[in-house]
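Colleague: The structure's right below; bear with me while I get my questions together.
The values are calculated or read from the model by the stated rules, or taken from the named source; none is laboratory data. All of these numbers come straight from a predicted model, not from anything done at the bench. Protein only, heavy atoms only, side chains kept; ligands, DNA and RNA dropped before computing areas. Shrake-Rupley method; radii C 1.70, N 1.55, O 1.52, S 1.80 Å.
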Amino acid sequence: EEHLNMEGFHSGAPNLCRVCVDAWAGGEATGRLYHCYSKQPEPIGRTSDVLDSIDRLCDRLNYPARTQQPRHFGPARPKPQTAQKKVEPQMTRDELAEQKGKMATFVVHVMYRQHSTWQGSVTWAETGEKANFRSALELIKLMDSAVDATLEDESPPQDETNLAQPTNPVREETDYET
């Protein structure tokens, strides 16, 4: 049952997110991101949207707090205000647990924002596999590997004749003159 995919997380973690991957093309995920502070999903048009959405949520909640402010090129930007009004949940944990991606679903818990990146845990909801990540890049690579595994499971087996064909054939001829 899907509810067990929300278990194992700190019950008071205010920033749990559910990343629902609906499509995967060219190494980019598209889908939806849910958290309990909105009934509406945040659209994911590319993989970096996952990072932006979770980072905005953590900033809004000030949880976990940043240990460093992000650096930017160009003129100095105003520092975000840390004293914000209290954010109230709009969705229960059970409603959050009901959200599923067409290809894959991940429960992400950012526990720390240290060294200008994140540390936390991610669970691949369909299999229950859980892994800790030491950076935002590692989180994306973990989710990428799960989607790749899903794609491999869904692809039809190749017959022996296809195995002999190179997947990226090199052209023997060239269009340019020597």
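Colleague: At 1.4 Å probe size, with every protein chain present, just tell me what the per residue accessible area of the range 65-126 comes to in Å².
Modeller: 71 Å²
Colleague: Give me the percent of accessible area attributable to carbon and sulfur for the range 9-161, probe 1.4 angstrom.
Modeller: 52 percent
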